[in-house]
Structures are given as C-alpha cells and as structure tokens.
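Chemist: Before I ask anything, here is the structure I am working with.
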Amino acid sequence: MPETKLTRSETDRMIAGVCGGLAAYLKVDSVLVRLAFVILIFASGIGFPIYLIMWVIMPSEAGAGKLGSEVIHDNIGEMSETVSKRLDRFGRPNTVGLILILLGIYFLFNQFGWAGWVNAIFWPLLIIGAGIYLLSRRSR
C-alpha cells in the first residue's frame, strides 16, 4: 500500500489548502472537513487555531520533500503574504470597519455571557493578526 503524505492542496483550496489536503489524506469530501472546522470554530473556538497551526506545519504539495524548518519558514511567509493581500483588498476604512464590527460582536457576546471563549481566543488572535500584518508590511 503506497504511503500518502499529509500536504496542503494546491487545487482544492479556499484559503491555504489545509482542508483540501486533509480531506484528500482522509479520503473524504473537502466540504465535510470545512464544515467540521466551522463547527469547531463556533462550538469551542478551537477550529481557527487548529487551522492556523496546520497551515504553518503542513507542507504544500510542491514542498512535500523539504525539511520541517524550511516548510515552516515558507508557510509563515505565505501566511503573511496572504493576510497582507486580503487586508490590502479591504483598504484602511474597511479594515477599521471590520475591527469595529468584531469589537461589537465581542461586546454583544459579553452582554449575553458568551464571552468566555471569546476572551480566551479573540484578543490573542487579534494581537497575532496585527503582528503578522505589521511584519508583512515591513518586509515589502
């Protein structure tokens, strides 16, 4: 039986190809894997950090033979490029608007007492995202 490697998909991708690669590895439909990540995001909030970690450690199909440190270095570079491209697409007013919407959602969840997982995940991810954005802007 040939050994299959867990790699990010180059063809079946919405953001980074993590779900497509995981679906190919598990031999299931990629929609089911994406749905599982969405459920994990809303159920416990753990889906987003898992996706980010898998994006960092999973090699792309083209980089499947590289060393682990090279894969991580390349993936972090790709992540910062992807985030900066998507933020550039928004523009400054839209980015500020998006931040205000996220803060509004946070305060709404806080009012209903649902902010336990938001406090544990929202602020750290916001800080990490801001750091990635600033580092990607610096490298240009």
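Each reported figure results from applying straightforward, stated rules to the coordinates on display, with no laboratory input. Bear in mind that the values here come from a model prediction, so they are computed numbers and not experimental data. Neighbour counts are summed over all protein chains in view; Cβ atoms, including those assigned to glycine, are modelled from backbone coordinates with ideal geometry.
Chemist: Taking the Cα-to-Cβ direction at ILE53 and at GLU78 and moving 7 Å from each Cα, how far apart do the two end points lie in nm?
Modeler: In this crude spin-label approximation the distance works out to 1.9 nm.
Chemist: Still on this model: In terms of Cα to Cα distance under 20 Å, which lysines are near enough to LYS27, apart from those fewer than 8 places away along the same chain?
Modeler: LYS5
Chemist: A follow-up question, please. Could you work out how much longer the chain between ILE99 and LYS5 gets when fully extended? Use 0.36 nm per residue separation minus the Cα distance between them, nm to one decimal.
Modeler: Residue separation times 0.36 nm, minus the Cα-Cα distance, leaves 30.0 nm.
Chemist: Same structure again: Would you please calculate the Kirkwood hydrodynamic radius of the range 1-65 over all C-alpha pairs and express it in Å, rounded to one decimal?
Modeler: Averaging 1/r across every pair of different Cα atoms and inverting gives 12.0 Å.
Chemist: Long-range amide H contacts for ARG8: which residues qualify at under 5 Å (H placed 1.01 Å from N, peptide plane, sequence gap of 5 or more or a different chain)?
Modeler: SER60, GLU61
Chemist: Between ILE15 and GLU70, how high is the FRET efficiency from 1/(1 + (r/R0)^6) when r is the Cβ-Cβ distance and R₀ = 30 Å? Nearest 0.05.
Modeler: 0.90
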